[in-house]
Structures are given as structure tokens and as C-alpha cells.
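Since every read-out is calculated from the coordinates, none of them should be taken as a lab result. The model shown is predicted, which means the values in this text are computed figures rather than measured ones. Ideal geometry is used to build each Cβ from the backbone, glycine not excepted, and the neighbour counts take in all protein chains shown.
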Amino acid sequence: MIDFHCHLDLYPKPQTIIERADQSGVYVLSVTTIPKAWPGTKRLAKGRRRIRTALGFHPELAHERYSELGLFDTLINEASYVGEVGLDGSKHLREHASLQRKVFAHVLKATERAGGRVMSIHSRGAADEVLELLRPRDAGVPVLHWFTGGPCELQNAINAGCWFSIGPAMLKSKAGRERAAAMPRNRLLPESDGPFGKVGRKILEPLDAGQIVPVLSELWAEPVSVVRYQLMENLRTIARFTRH
């Protein structure tokens, strides 16, 4: 079982969530939203061999935490993964679009300078802009989390070599299932996006990311066992790109 995008540090009781994930054998990518959160979030997973902690700079916080770019540069060599980073084109953030771009461009440059990383990327309302900033750089492997772009944007992302992480909340909508069906099977990973990801009133946690398996089984017209095998193969493949 895999959860390739989860905010472990933002649950009310993170150690409870971590313990359940560990006991269930879930491989978790624990993403952070600001550089200052990375050391403490990494400590949460100390001794948990299936949890990796990503160094993040969330676009919604770029205008508030711009001063932490230097800290990102300091920490990048210690981090195996980068995330959550990217751009957000939501209406309430448009006034900060220029600063978001500066922060994301800086993050990509620092990541490229460090030799590249697997990156969990936020692209809501800004998929083509994300690809535009990714294109000139060799910053590593981009994994677009909870992708919400249209068919053309999705095809552009596929052509650019992007991976995708998808969760139960995304697959609740017809549009989400259509996007998932169009994504390359060998570049797909499960996620929960907990505690932000929800199904009904239930806040998702790492174990819940596996709920996508029966949905993909239906979309791919393949047995559940085939879907599980493919997702684990995808994890093994992307793990080869990591430095630690």
C-alpha cells in the first residue's frame, strides 16, 4: 500500500496516524508546506522505514514565507524528496501570482543544483504555468498531485513526462475518474492528501489511499491484483530516482 502525498504533521494526532500506517505497511511520502516545518516533520517519522519526508514550499504560503527560501537552499541537500511545491491559480491567490512564480522558480533551480529530486507538485488552476517553469530545468521527476487540469493540460503534462498521484477524493467525481483513466498506468501513484482529502465527512489517512485500487480496477478493466502490482512497480521505479 502506498500514500504518495500526505501531510502527516497537520493531523491533530500525527503519531496515531503514523502508527496505523506503519502497522498496516503503508509506504508514505510525508509532504511539508514550509521549509521550517521539515526538520520537525522528519523527526515524527524517525525510525519508520516506510516513511519519507519531503521538503516543501506550498504556493498558498509563498507570499507569507518568502523569507524561508534561504532555508530551503540550506535543507535541500538533506532531503530525499521535494514537496509540496508548485503554483496555485485560485482566484483568491491571484494577487500573489508573481511571488508564487518566483518561489517555485527558485525551488526548481535549487533542486536542480542539488542534483534533482522526485517532486510532489501542486498545480491547481495553473497546470500549464507549472509545466512552463519545469521545462527549462532538469530538477528531477515531477509528480502532479491531485491534478485538476483539462484534457489538453493533462496531455501536455503526459507529454512532458510527468507522473501523477491520485486519491479517493479525486475519484469521487466523474471528471476525476476520466482524468485518472487517461493517465499513463506506469506513472500513477496513490495518495490520500490527508488531512485535507476527505470522502464525505471522513478525513483520509494513509491507509485510505488504497481505496483507489478498486476504482482503477474498473477503469482499467483489470483485476485488483494487477492494479496493486502495477502501483507497487511504479513505486519501485520512482524510488530509483531518489538520492537517499
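On each of the three principal axes of the Cα atoms of region 82-191, give max minus min coordinate, whole Å, ordered largest first.
37, 33, 22
Using θ = phi - 60° and the Karplus form 6.51 cos²θ - 1.76 cosθ + 1.60, what ³J(HN,Hα) does each residue of region 174-179 get, whole Hz, x for Gly and Pro?
4, 4, x, 5, 5, 4
Please list, in order along region 186-196, the HN-Hα scalar couplings obtained from phi with the Karplus expression 6.51 cos²θ - 1.76 cosθ + 1.60 (θ = phi - 60°), rounded to whole Hz, x for Gly and Pro.
8, 10, 10, 9, x, 8, 10, 6, x, x, 7
Can you compute the radius of gyration and Dmax for the chain, using only the Cα atoms, both in Å?
My reading of the Cα-based Rg and Dmax gives 16.6, 49 Å.
What is the distance, in nm, between label points placed 7 Å from the Cα along the Cα-to-Cβ direction at Arg43 and at Glu64?
2.2
If you average the sequence gap of Cα pairs under 8 Å that are 6 or more apart and divide by the length of region 98-156, what percent do you get for the contact order?
With pairs under 8 Å counted, the relative contact order is 41 percent.
Treat each spin label as a single point 7 Å out from the Cα along the C-beta direction, and report the Asn186 to Ser173 distance in nm.
With each label point 7 Å from Cα toward Cβ, the separation is 3.0 nm.
Check Leu55: other-chain or 5+ apart residues with amide H under 5 Å from its amide H, H built from backbone geometry?
Counting only residues 5 or more places away or on other chains, the set is Tyr81, Val82, Gly83.
Measuring from a point 7 Å past the Cα of Trp220 along Cα-to-C-beta, which residues in region 159-188 have an amide N at less than 17 Å?
163-168, 171, 177-188
What nm value, rounded to one decimal, do you get for the distance between Val213 and Phe241 when each label is placed 7 Å out toward the C-beta?
My value for the distance between the label points is 2.4 nm.
Can you give the extra length, in nm with one decimal, that the chain gains between Ile203 and Gln23 once fully stretched, where that is 0.36 nm per residue apart less the Cα-Cα distance?
Computed gain between Ile203 and Gln23 is 62.9 nm.
Tell me the net charge near Leu204. Cut-off is 10 Å between Cβ atoms, Leu204 excluded, with +1 for each Lys or Arg and -1 for each Asp or Glu.
That works out to -3.
Cut-off under 21 Å on the C-alpha distance; same-chain residues fewer than 8 positions from Lys91 excluded. Which lysines are left, in chain and number order?
Lys102
Once amide H atoms are built 1.01 Å from N in the peptide plane, which residues 5 or more positions from Gly194, or in another chain, come under 5 Å H to H?
His7
Give me the orientation-averaged projected area of the Cα convex hull of region 157-212, in nm², one decimal.
3.9
How large is ³J(HN,Hα), in whole Hz, for each residue of region 213-227 in order, when computed from phi with the Karplus curve 6.51 cos²θ - 1.76 cosθ + 1.60 and θ = phi - 60°, using x for Gly and Pro?
In residue order, the calculated couplings are 4, x, 5, 5, 4, 6, 5, 8, 6, 10, x, 3, 4, 5, 4 Hz.
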